[in-house]
Amino acid sequence: MKIALLGYGKMGKEIEKIAQDRGHEIVLRKTEDNDYTGLENADVAIDFSIPDAAVENITACLNLNIPVVSGTTGWLENYDAIVALCKEKNGAFLYGSNFSVGVNLFFELNSYLAKLMAKVKEYNVSMEEIHHTQKLDAPSGTAISLANGIIAETDYNEWTLEEATDRQIAIDVKRIGEVPGTHSVYYRSSVDEIEIKHTAFSRQGFALGAVIASEWIVGKKGIFGMKDVLNLG
């Protein structure tokens with residue numbers, strides 16, 4: 001399989017290593033210093049760029065009818081426009097706020113726990129996310145996905161980075177050293193606390209999931225997520 005890497009930072013290099021180990025060929029390494037030459041030869045593109053570049057990258061792929069997998073966060077105000085373009089072009093697009101298999105199982109656990117806790121009004125929910133100091137967006141896309149999972153199952157209606165008021169989920173954001181990603185969800189009452197937590201040890205799990213997703217999407221048409229890749233229902 002021929003892969004275009006749109007974004008060639010730490011994640012792009014990790015994806016390259018795993019893709020080549022799985023027998024794939026890299027036909028484009030897109031940075032701010034080069035153009036899209038070679039994209040037309042790709043079977044699939046993987047976008048791990050920056051928020052300002054993601055929409056242009058994804059659009060270029062869809063215009064060439066190349067399936068594209070994006071793990072860039074911080075651009076989702078344009079998500080509906082990308083979905084509309086994908087449908088117009090009869091293309092294939094897969095977005096994931098996190099491609100780690102473990103994190104996607106954590107998403108499912110988070111939703112199930114939220115459904116249980118919705119019946120118990122003595123508990124208040126809050127969240128914490130920790131990432132490396134180079135991460136540009138805050139909170140992380142993973143934290144937003146976790147918050148939205150809780151909102152879908154409970155009476156909470158939004159998240160906030162400030163002190164939470166009624167029906168808000170407070171997210172405590174920390175940027176520390178080289179931390180790949182740690183996400184915690186807390187349900188606190190006056191007498192106890194329930195915590196679920198996912199800790200990434202390296203970027204390798206994210207990169208492997210992105211390559212698996214790119215292998216899965218080739219030959220398909222539509223809008224997808226990691227739940228489709230992992231058959232989580």
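Structure data summary
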| quantity | calculated |
| --- | --- |
| Residue in the range 88-104 that is touching a helix residue (DSSP H, G or I) at 6+ places or on another chain (Cβ under 9 Å), exposed (fewer than 15 other Cβ atoms within 10 Å of the Cβ) and over 29 Å from E25 (Cβ atoms) present | yes |
| The range 6-20 residues that are at positive phi, paired with ones that are crowded, with 16+ Cβ neighbours inside 10 Å (beta carbon under 8 Å, 6 or more apart) | G7/K30; G7/D47; G7/F48; G7/S49; G7/I50; G7/A53; G7/N57; G7/T72 |
| In the range 121-147, residue surrounded by the fewest Cβ atoms within 10 Å (Cβ to Cβ) [restricted to those that are in a helix (DSSP H, G or I) and out of contact with any strand residue (DSSP E or B) (no Cβ under 8 Å at 6 or more places or on another chain)] | G141 |
| Residues of the range 160-181 that turn out to be buried (at least 17 other Cβ atoms within 10 Å of the Cβ) and farther than 17 Å from L136 by Cβ, as a count | 4 |
| Residue satisfying all of: in the range 41-59; more than 19 Å from G225 (Cα to Cα) and without any contact (Cβ under 8 Å) to a residue 40 or more places away in the chain; most open to solvent (accessible area, probe 1.4 Å) among these | D52 |
| Residue list for the range 71-82, filter: over 17 Å from V44 (Cα atoms) and either in contact with a Gly (Cβ under 7 Å, 6 or more places away or on another chain) or surrounded by 13 or more Cβ atoms within 10 Å (Cβ to Cβ) (or both) | T73, G74, W75, L76, N78, Y79 |
| Residue tally, condition over 14 Å from the mean Cα position of the chain (by Cα), modelled with pLDDT of 95 or more and not small (G, A, S), over the range 183-211 | 13 |
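The values are calculated or read from the model by the stated rules, or taken from the named source; none is laboratory data. Note that this is a predicted model, so its numbers are computed, not measured. Heads up, the Cβs are rebuilt from the backbone with ideal geometry, glycines too, and the neighbour counts pull from every protein chain shown. For the accessible areas, the whole protein counts, side chains as well, though only heavy atoms, and no ligand, DNA or RNA atoms are used. Shrake-Rupley method; radii C 1.70, N 1.55, O 1.52, S 1.80 Å.
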